[in-house]
1. If you take the residues of segment 43-69 that are within 30 Å of Val198 (Cβ to Cβ) and β-branched (Val, Ile, Thr), which of them is surrounded by the most Cβ atoms within 10 Å (Cβ to Cβ)?
2. Condition first: among the basic types (Lys, Arg) and over 18 Å from Ser16 (Cβ atoms). Now tell me which residues in segment 32-67 satisfy that.
3. Scan segment 30-67 for residues that are of a type in the set (Asp, Glu) and touching a Phe, Trp or Tyr at 6+ places or on another chain (Cβ under 9 Å) and jot them down.
4. From Glu163, Glu139, Glu132, Glu172, grab the single residue that is charged (D, E, K, R), in a loop (DSSP other than H, G, I, E, B) and either at pLDDT below 85 or surrounded by 10 or more Cβ atoms within 10 Å (Cβ to Cβ) (or both).
5. Please specify each residue of segment 43-69 satisfying the condition of being more than 26 Å from Ile86 (Cα to Cα) and not charged (D, E, K, R).
6. Just give me the residues in segment 175-198 being assigned to a loop (DSSP other than H, G, I, E, B), of a type outside the set (Gly, Ala, Ser) and in contact (Cβ under 8 Å) with a residue 40 or more places away in the chain, in sequence order.
7. Residues in segment 2-24 that are surrounded by fewer than 14 Cβ atoms within 10 Å (Cβ to Cβ) and either under 15 Å from His63 (Cα atoms) or out of contact with any helix residue (DSSP H, G or I) (no Cβ under 8 Å at 6 or more places or on another chain) (or both): how many?
8. Which count do you get for residues in segment 90-127 that are in contact (Cβ under 8 Å) with a residue 12 or more places away in the chain and under 22 Å from the mean Cα position of the chain (by Cα)?
Amino acid sequence: MVTQHEIKQGMLVRSSDGEKLGNVVRIDESRFEIEKGFFFPKEYAVRYDEVSGIRDGEVILMHGRDQLATDRGQASEAGVAAAEEIRVPLVEEEVTAGKTVQEVGRVQVTKEVVTEEKQIAVPVAREVVHVERVPASGERPATSGTMFEEGSLSVPIREERVEVSTRPVVKEELRIGKEVIQDQETAQATVRRETADVRMEGELPRQDDLDEPTAAAPEQPPLGRAAGGGRR
């Protein structure tokens, strides 16, 4: 016989004919309970001597589905008069879309320094020496300060030289702009939904049959008007 230590909470329970009954929700010393669901309207208690064995982590009972349904009907026979509602949720997946910002590219701007020779025309001035020897006009007496003295005379000759320098000047600029364009994309996902197939077994009364009016009893003739010939 299976003991209490072999049954774990959350294990799947099946009938002897392989029908899925539910999961173990509570474990006691003498029995354990199966969760309520479509097969059991409320939690169903099972004794350990009703377990046939444990296979692949699932609890297998000795009874089949039909016998369990009969036991369930007998257990609830005393409360047939009370109305009971069983709610079976049907789940459907919905698609939700989210957005993330991802980098799809870059604009790479690279600057290079190019060296080239450039010529410009600069006007310059320079002095040119002209030496001319001519006879003196007329006879002038020589001054005493300049007679018979040796010496030299230095006359500077000048010219303009070009000095070249450079300075950075902004000639043009690159303007890189970004704008946001609204677009629309179609997202596709596979979703699941639950459907229910309701089957009735046995001769169960339908609500339509309960709502039909019962046949009226034949009308009785009123007193004092019996059939036959009577006195006027």
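The values are calculated or read from the model by the stated rules, or taken from the named source; none is laboratory data. Nothing here was measured: the structure is a model prediction, and the numbers come from that model. Here Cβ is always computed from backbone atoms with ideal geometry, including for glycine, and neighbour counts include all displayed protein chains.
1. Filtering segment 43-69 for residues that are within 30 Å of Val198 (Cβ to Cβ) and β-branched (Val, Ile, Thr), the one surrounded by the most Cβ atoms within 10 Å (Cβ to Cβ) comes out as Val59.
2. Across segment 32-67, the qualifying residues are Lys36, Lys42.
3. If the condition is that a residue be of a type in the set (Asp, Glu) and touching a Phe, Trp or Tyr at 6+ places or on another chain (Cβ under 9 Å), then Glu33, Glu35 are the ones that fit.
4. Glu139
5. Tyr48, Val51, Ser52, Gly53, Ile54, Gly57, Met62
6. Listed by number, the residues that qualify are Ile176, Val191, Arg192, Glu194, Thr195.
7. The number of residues fulfilling the criteria is 7.
8. 6
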